[in-house]
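The structure appears below as structure tokens.
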Amino acid sequence: METMTRPDAAESRGDLVVRDDETGFTALRDAALACRRRGTRLRLVDSGRLPAFELEWLGEAGAEIYTSDLARRSLADIIRMNAASRKGGASTSFFHHGLLAGETAEATIGFEGLREMGRSGVHPAVSNKARPREFDLLIVLAGDAARGRSRLVYYHHGALDPRLDDLGRSGVWIHVAATSLGAAEDAVRIVDVARAAAAAGAGVVLHVDLAVEPSRIEDFLAAGGFAFFHLPPSDYRSPLRPLEERAARRPPNPRSGYLYPEFMR
């Protein structure tokens, strides 16, 4: 994908990724329409600069909208943005940085608001990078997203949690790093999670950023998992090379991640 830094960048090939503060509304609308005509998408990152009604117009023009509780705190606006983007054959994704439960000054969209988003078809995403996440609440949110014909995306950092199996069975797209596979039992666990998620219509995405025993990757891929190798390609004689090629031939669904399936958040 490419980042648009000028209005005419929509003439190049492939999906465009652009922040709404990089150019004006008219250029964004023209880019969204041009992308839709050629079968690609404008992926618009909401910084909070544009009013919600302009984002709705961009959604109707075919823009995929990526917003968050750092940029947009009105539940009604986000639901309307999603309805508009669906009219344009696209969708709206929402990354939630705040707490899932509890009243805080930082989050004006609470858990019930997230549930309503999921039921309306917004694609929710959360991470445990900054704070722990309550798995019981994630499972509830995953069910609401499924009813809205979307999927919850969850970025897991740190040691593997035994309840990742439950998330997998709930149809969550789960991202983990190879650094989480520190012990042999972790490699077995992530295979089980991958099987559970695949059976539920979602999957596990493994981000490989360090050397890993090839057999662990092979078992994981065989269980229906997906992998991104964030390392230089292995030597052609390396046992990892065919696994890298196999993973590249089978990328996950574009909806498997927030904006970039291959990035950990």
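No value in this document is a laboratory result; all are computed from the given coordinates. Keep in mind the model is a prediction, meaning the values are calculated, not measured. Here the Cβ is made from the backbone with ideal geometry for all residues, glycine too, and neighbour counts use every protein chain on show.
7 Å from Cα along Cα→Cβ at both Leu33 and Ser47: what's the point-to-point distance in nm?
Calculated label separation equals 2.4 nm.
State the percent of C-alpha pairs, over all pairs in the chain, separated by a distance greater than 33 angstrom.
Percent of Cα pairs beyond 33 Å in the chain: 24.
Quick check on the range 1-95: what are the equivalent-ellipsoid semi-axes from the Cα gyration tensor, as sqrt(5λ), descending, whole Å?
For the range 1-95, the ellipsoid semi-axes come out as 20, 14, 11 Å.
Note down the net charge around Ile174, summing +1 for each Lys or Arg and -1 for each Asp or Glu among other residues with Cβ under 13 Å from its Cβ.
With Lys, Arg at +1 and Asp, Glu at -1, the net is +3.
Among residues other than Gly203 whose Cβ falls under 11 Å from its Cβ, what is the net charge (Lys/Arg +1, Asp/Glu -1)?
That sum, taken over residues with Cβ under 11 Å, equals +4.
For the range 135-217, which trypsin sites (Lys or Arg not before Pro) pass both filters: DSSP loop (anything but H, G, I, E, B) and at most 14 other C-beta atoms within 10 Å?
Those that pass, being in a loop and sparsely packed, are Arg149, Arg163.
Beyond 20 Å, what percent of the Cα pairs of the range 195-265 remain?
That fraction is 27 percent.
Residues with beta-carbon under 15 Å from that of Ala159, excluding Ala159: net charge, scoring Lys, Arg +1 and Asp, Glu -1?
Net charge in that neighbourhood comes out at 0.
Going by alpha carbons, how many degrees (0 to 90, nearest 10) lie between the helix axis of 25-37 and the longest principal axis of the chain?
That helix lies at roughly 60 degrees to the long axis.
Go ahead and estimate [θ] at 222 nm for the chain from helices alone: -39,500 (n - 2.57) per DSSP H run with n ≥ 4, summed, over the residue count, rounded to 500.
Mean residue ellipticity at 222 nm (helix-derived): -11000 deg cm²/dmol.
Taking θ as phi - 60°, what are the ³J(HN,Hα) couplings along the range 81-90 by the Karplus curve (6.51, -1.76, 1.60), each to the nearest whole Hz, with x for Gly and Pro?
With the stated coefficients, the range 81-90 comes to 4, 5, 4, 5, 5, 5, 4, x, x, 10 Hz.
Enumerate by residue number the chymotrypsin sites (Phe, Trp or Tyr not before Pro) in the range 34-94 meeting two conditions: DSSP loop (anything except H, G, I, E, B), and at most 10 other Cβ atoms within 10 Å of the site's Cβ.
Qualifying residues, ordered by number: none.
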